[in-house]
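Everything below concerns the one structure shown next.
The values are calculated or read from the model by the stated rules, or taken from the named source; none is laboratory data. Computed from a prediction, not measured in an experiment: that's the story for all the values here. Reconstructed Cβ throughout: ideal geometry from the backbone, glycine too, with neighbour counts over all protein chains shown. The protein model used for the area step is the full one, side chains on, heavy atoms only, and it has no ligands, DNA or RNA in it. Shrake-Rupley method; radii C 1.70, N 1.55, O 1.52, S 1.80 Å.
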Amino acid sequence: MAVSPAFLLMDRNLLARKQNARLDKQNDLGWKLFGKVPLRENAQKDSKKIQKEYEDKAGRPSKPPSPKQNVRKNLDFEPLSTTALILEDRPANLPAKPAEEAQKHRQQYEEMVVQAKKRELKEAQRRRRQLEERCRLEESIGNAVLTWNNEILPNWETMWCSRKVRDLWWQGIPPSVRGKVWSLAIGNELNITHELFDICLARAKERWRSFSTGGSEAENEDAGFSAADREASLELIKLDISRTFPNLCIFQQGGPYHDMLHSILGAYTCYRPDVGYVQGMSFIAAVLILNLDTADAFIAFSNLLNKPCQMAFFRVDHGLMLTYFAAFEVFFEENLPKLFAHFKKNNLTPDIYLIDWIFTLYSKSLPLDLACRVWDVFCRDGEGFLFRTALGILKLFEDILTKMDFIHIAQFLTRLPDDLPAEEVFASIATIQMQSRNRKWAQVLTALQKDSRDTEKGSPSLRH
């Protein structure tokens with residue numbers, strides 16, 4: 001059946017009108033699939049207009065803002081808390097606030113705003129003080145770096161013991177020159193060279209390979225180790241490295257300094273097989289690695305452990321360790337008699353807390369930045385400063401420790417607070433006098449060594 005063109009045109013126009021009508025209806029209702037509504041033309045309305053339209057539809061005429069609401073507009077800032085609700089009118093279905101109550105709420109709110117402004121002002125002042133302190137510290141460090149690089153290091157032999165340098169030393173060596181100063185202060189009495197480090201490291205690697213491939217026990221013993229000693233030493237090094245400054249995550253397996261630390265400890269076991277590896281060495285080596293190259297860190301590490309105090313502890317020379325504890329107690333009683341008596345009463349001997357402090361040179365017990373400052377002065381003053389630092393820590397917490405019993409004292413001293421402020425610690429250390437009856441640390445230690453040669457070995461607390 002033939003269809004006329006006029007009919008087709010009319011049908012097409014009708015279809016177009018129906019489609020347009022559907023589109024308009026969709027635009028009016030909004031497309032709600034997946035919870036989304038497309039934007040409409042002129043959809044953006046002022047929030048006040050929308051509120052007025054809603055009130056008109058609800059049959060409630062909009063009211064002009066009350067004087068109580070105007071209070072909020074006069075504020076410098078809009079409070080984020082819900083305390084501002086106390087200024088709002090009550091709902092229409094509830095009785096209005098009495099004038100006295102409204103006045104009271106307005107006063108309370110204004111007081112809250114005043115307090116909030118005071119807190120903001122205090123916080124702003126605190127941040128400004130922190131910024132100023134940081135700027136002063138950075139300027140001080142910058143000036144110290146120039147002094148060390150331009151004046152002290154080029155003239156080390158003549159200036160290192162001067163009053164000016166000693167004062168700078170006490171304030172802390174700048175990190176950028178700390179490694180160089182430590183190397184010079186520790187010295188190299190053992191005359192270790194970079195080539196010797198390479199030889200020791202090559203021997204260590206060869207022994208590790210021999211052990212991993214199951215080399216003959218005869219080869220192991222010829223190399224200076226029994227199979228059991230080699231296995232124990234390797235396992236102990238591996239275990240200690242994983243526990244060295246775990247929060248830094250740089251010495252553990254896969255960390256950037258893991259191989260350097262492993263190399264230094266392995267090379268030292270070949271350099272000093274009579275000492276081998278002892279727990280605590282990893283912390284000392286790690287601190288040196290953070291400030292020196294690998295070979296220089298090995299040289300400083302080996303010379304540092306060769307000092308009399310460190311050698312006595314790492315070789316577990318029981319008699320000499322007791323002598324060190326006895327010397328410590330002489331100055332303990334001299335400087336802190338009340339706390340000393342309290343420790344005696346509770347049978348708390350120095351070995352309970354001093355061993356860990358001395359073994360790791362405080363690098364495990366104190367925050368790292370504070371431990372490095374202790375190292376600074378230790379490199380200058382020697383082993384006596386390690387025991388002076390111990391007395392400074394005890395003095396800092398004297399009031400707390402005198403109220404504790406044995407268990408709590410031991411727990412506290414073996415796990416010191418993590419947020420120890422360096423300035424307070426060093427201020428406490430500065431008050432400790434390392435002189436007893438006109439005798440300094442070295443003289444007291446020497447006298448005790450002579451006296452203890454023929455005495456019975458025992459706890460220093462039992463020998464008084």
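Kindly evaluate residue 340 against the criterion of being assigned to a helix (DSSP H, G or I) and within 30 Å of the chain's Cα centre (by Cα). Against the criterion (assigned to a helix (DSSP H, G or I) and within 30 Å of the chain's Cα centre (by Cα)), residue 340 does not qualify.
Taking the criterion of being within 21 Å of residue 426 (Cα to Cα) and not basic (Lys, Arg), the residues of segment 161-176 that qualify are 161, 162, 165, 167, 168, 169, 170, 171, 172, 173, 174, 175.
Each row is one residue, and each column tells you yes or no for (1) open to solvent by less than 60 Å² (accessible area, probe 1.4 Å); (2) of a type outside the set (A, V, I, L, M); (3) closer than 22 Å to residue 380 by Cβ; (4) modelled with pLDDT of 90 or more.
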site	(1), (2), (3), (4)
79	yes, yes, no, no
87	yes, no, no, no
114	no, no, no, yes
120	no, yes, no, yes
143	no, yes, yes, yes
146	no, no, yes, yes
153	yes, no, yes, yes
189	no, yes, yes, yes
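Please state which one of 324, 362 is within 31 Å of the chain's Cα centre (by Cα), outside any helix (DSSP H, G or I) and either closer than 27 Å to residue 161 by Cα or at pLDDT below 95 (or both). Just a single option satisfies the conditions, and that option is 362. Only a single criterion out of (1) touching a Phe, Trp or Tyr at 6+ places or on another chain (Cβ under 6 Å); (2) part of a helix (DSSP H, G or I) is not satisfied by residue 370, namely (1).
Does residue 250 satisfy the condition of being modelled with pLDDT of 90 or more, surrounded by 17 or more Cβ atoms within 10 Å (Cβ to Cβ), touching a helix residue (DSSP H, G or I) at 6+ places or on another chain (Cβ under 7 Å) and among the β-branched types (Val, Ile, Thr)? In short, no.
Residue 333 meets the conditions (1) under 22 Å from residue 245 (Cα atoms); (2) open to solvent by 10 Å² or more (accessible area, probe 1.4 Å); (3) in contact with a Phe, Trp or Tyr (Cβ under 6 Å, 6 or more places away or on another chain); (4) part of a helix (DSSP H, G or I) in every case but one. The failed one is (1).
The test for being surrounded by 14 or more Cβ atoms within 10 Å (Cβ to Cβ) and in contact with a Phe, Trp or Tyr (Cβ under 8 Å, 6 or more places away or on another chain) does not hold for residue 425. For segment 254-286, the tally of residues that are part of a helix (DSSP H, G or I) and at pLDDT below 90 stands at 0. Criterion first (among the aliphatic types (A, V, I, L, M) and farther than 18 Å from residue 173 by Cβ) does residue 413 satisfy it? Considered against the rule, which asks whether it is among the aliphatic types (A, V, I, L, M) and farther than 18 Å from residue 173 by Cβ, residue 413 comes out as yes.
The set of residues in segment 401-438 that are in a loop (DSSP other than H, G, I, E, B) and among the acidic types (Asp, Glu) comprises 405, 418, 419. Does any residue of segment 367-384 turn out to be of a type in the set (Phe, Trp, Tyr), closer than 25 Å to residue 185 by Cβ and buried (at least 21 other Cβ atoms within 10 Å of the Cβ)? The answer is yes, given that some residue of segment 367-384 is of a type in the set (Phe, Trp, Tyr), closer than 25 Å to residue 185 by Cβ and buried (at least 21 other Cβ atoms within 10 Å of the Cβ).
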